[in-house]
Each structure stands twice: as structure tokens, then as C-alpha cells.
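K.L.:
A single structure is presented below for examination.
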Amino acid sequence: MLESDIVAHCAPTLAGIKTANMFNYLPDDMEKLHQEIQEENCKLNSKGVYVEILRTGEKRALIYVYRKNRLEADLNRKGAESILQTCGYECGETDCCLRKLQERFFQYECFPHEVGLFLGYPLDDVAGFIEQKGKNYKCCGIWKVYGDEHKSRMTFQKLKKCSEIYQRLFADGRSILQLTVAA
């Protein structure tokens, strides 16, 4: 079940056109969740894709699927470090930043606003969301847009098309490994 949810919610990451995706997962058995994550990592890590748990609840988990090399580049973008420091991130290494993000998910009921940096959203949109407190955006798709509306709308269409194609291919029998583009 985890595998089909990864394809359904993370196709752009599997395709290599987006840094990361996340989704709520309702496992059949919470006790076997870590084993399911480990099994997916055994399949996907060789292609540069990693699966982590950001937060768990009584019956659900917030799953994060990402490309480590792209995440490192995104977190090292000019301006990203400043946002991270403002949010209490005191380290520059990707793994350390991921641990801090997990901490922040457990500390707060709502999503930490810097999560957009970890999902590959444009820096202008992440900064705009934080500054505007989620209001006064130009348009809304996968994220709220404060920067280049035209480019973002095109990206939203591209990501939606990718998800549709991947779900169809998976339903037709392609494996998650066949669908995952190597880094």
C-alpha cells in the first residue's frame, strides 16, 4: 500500500522533476511502518530517492520522499540559509536540517512554514508565504505563489501531468523501481 501511495503522491520526485513530495499515509499496521519505509528505501536509494517519516500520529504518518542531491542544492540556494536560520536551523548539512524539520513537525500542530524549502518550492514563494502569513498570494496550486505566477502555473500543469502518467503506468504493471529515474 505504501508503494502505491508513493507513486500517487510523489510521481514528480520519482521522475526527477521535483525535489520532494510529502503525504499522509494510513498504514494497515503502525507497528510495521518502519519496516515498510526500510523496504522502499532498499528499492529507491540506489536511484537517489529516499523515504522518511516526518511525523506520526495514532493512526497516520506524514511521509517525505525526496532526492537527496536536489535537496542539498535547494537548501544551499542563496536566501534559503537565511530563512532556515530565522526558523532556528543552526546547521548547514542536509541530514541535520531534516532532523530539525522533523523536530519542528513534532513541536507544532501546523506545518512549519519553511517546509517549502524542503519540497523544492521557489524561494520567492516560500519567503512570501512566511512574510505574508499565507495571505495576499497571486495564485494557489500545489503551493501559494508570491513570485512568478506564469512559471508556477506551467509547473503545476507539468507536475499534474506527470502524476497522471505515473499512476496510469503503475496501474498497468510498471514497478516503482521502473518508474524511478536514476539521479
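Just so it is clear, none of the values below were taken in a lab; they were calculated from the coordinates. Not measured: the values here are computed from a predicted model. Ideal geometry is used to build each Cβ from the backbone, glycine not excepted, and the neighbour counts take in all protein chains shown.
K.L.:
Which residue, chosen from CYS139, HIS113, ALA127, occupies the Cα position most advanced towards the positive end of the dipole of segment 81-150, where the dipole is computed from +1 (Lys, Arg) and -1 (Asp, Glu) charges on Cβ about the Cα centre?
P.N.:
CYS139
K.L.:
What translational diffusion coefficient, in µm²/s and rounded to a whole number, does the Stokes-Einstein relation yield for segment 131-183 at 20 °C and a viscosity of 1.002 mPa s, taking the hydrodynamic radius as the Kirkwood radius over Cα pairs? Could the numbers behind the result be given before it?
P.N.:
Details: Rh = 13.2 Å.
Value of D from the Cα-based Kirkwood radius: 162 µm²/s.
K.L.:
Between ALA73 and ALA182, what length comes free when the chain is fully extended (0.36 nm per residue of separation minus the Cα-Cα distance, one decimal in nm)? Present the calculation step by step, with values, prior to reporting the outcome.
P.N.:
On the way: separation 109, 0.36 × 109 = 39.24 nm, distance 1.69 nm.
Answer, rounded to one decimal: 37.6 nm.
K.L.:
Could you run the Karplus curve 6.51 cos²θ - 1.76 cosθ + 1.60 with θ = phi - 60° over segment 22-35 and give me ³J(HN,Hα) per residue in whole Hz, x for Gly and Pro?
P.N.:
Running phi through 6.51 cos²θ - 1.76 cosθ + 1.60 with θ = phi - 60° gives 9, 7, 7, 10, 10, x, 5, 9, 4, 5, 9, 4, 4, 5 Hz.
K.L.:
Something else: Measure out, as a whole number of angstrom, how far apart the alpha-carbon centroids of segment 3-62 and segment 66-99 sit.
P.N.:
Between the Cα centres of segment 3-62 and segment 66-99 lies a distance of 20 Å.
K.L.:
What distance in nm separates the simple spin-label points at ARG168 and ASN41, each placed 7 Å from Cα in the Cβ direction?
P.N.:
In this crude spin-label approximation the distance works out to 3.5 nm.
K.L.:
Quick check: net charge around LYS59, other residues with Cβ under 11 Å of its Cβ, Lys/Arg +1 and Asp/Glu -1?
P.N.:
On the way: positive: ARG60; negative: ASP28, ASP29, GLU58.
Once all neighbours under 11 Å are counted, the net charge is -2.
K.L.:
Loop-only trypsin sites (Lys or Arg not before Pro) in segment 18-115, please: DSSP not H, G, I, E or B, and at most 16 other Cβ atoms within 10 Å. Walk me through the numbers on the way to the answer.
P.N.:
Numbers: sites: LYS18, LYS32, LYS43, LYS47, ARG55, LYS59, ARG60, ARG67, LYS68, ARG70, ARG77, LYS78, ARG99, LYS100, ARG104; in loops: LYS18, LYS59, ARG60, ARG77, LYS78.
Hits after loop and neighbour filter: LYS59, ARG60, ARG77, LYS78.
K.L.:
Tell me the mean residue ellipticity at 222 nm calculated for the chain from its helices only (DSSP H runs of n ≥ 4, each -39500 (n - 2.57), averaged over every residue, nearest 500).
P.N.:
Numbers: 9 runs with 95 residues, N = 183.
Helices in the chain give a 222 nm mean residue ellipticity of -15500 deg cm²/dmol.
K.L.:
Do any GluC sites (Glu not before Pro) in segment 17-121 lie in a DSSP loop with no more than 15 other beta carbon atoms within 10 Å, and if so, which?
P.N.:
Numbers: sites: GLU31, GLU36, GLU39, GLU40, GLU52, GLU58, GLU72, GLU81, GLU90, GLU93, GLU103, GLU109, GLU114; in loops: GLU58, GLU90, GLU93, GLU109, GLU114.
Answer in residue order: GLU58, GLU90, GLU93, GLU109.
K.L.:
Compute the FRET efficiency between TYR108 and GLU31 as 1/(1 + (r/R0)^6), taking r as their Cβ-Cβ distance and R0 = 35 Å, and round to the nearest 0.05. Present the calculation step by step, with values, prior to reporting the outcome.
P.N.:
Values: r = 26 Å, r/R0 = 0.74.
So, using R0 = 35 Å, E works out to roughly 0.85.
K.L.:
A further question on this structure: Rounded to the nearest 0.05, what FRET efficiency do SER4 and ASP124 give with R0 = 35 Å and r taken as the Cβ-Cβ distance? Could you check? List each step's numbers first, then the result.
P.N.:
Details: r = 34 Å, r/R0 = 0.97.
Efficiency, rounded to the nearest 0.05: 0.55.
K.L.:
Rg to Rh for the chain: what is it, with Cα atoms only and Rh by Kirkwood? Can you show the working numbers first?
P.N.:
Values: Rg = 16.2 Å, Rh = 17.0 Å.
Expressed as Rg/Rh, it is 0.95.
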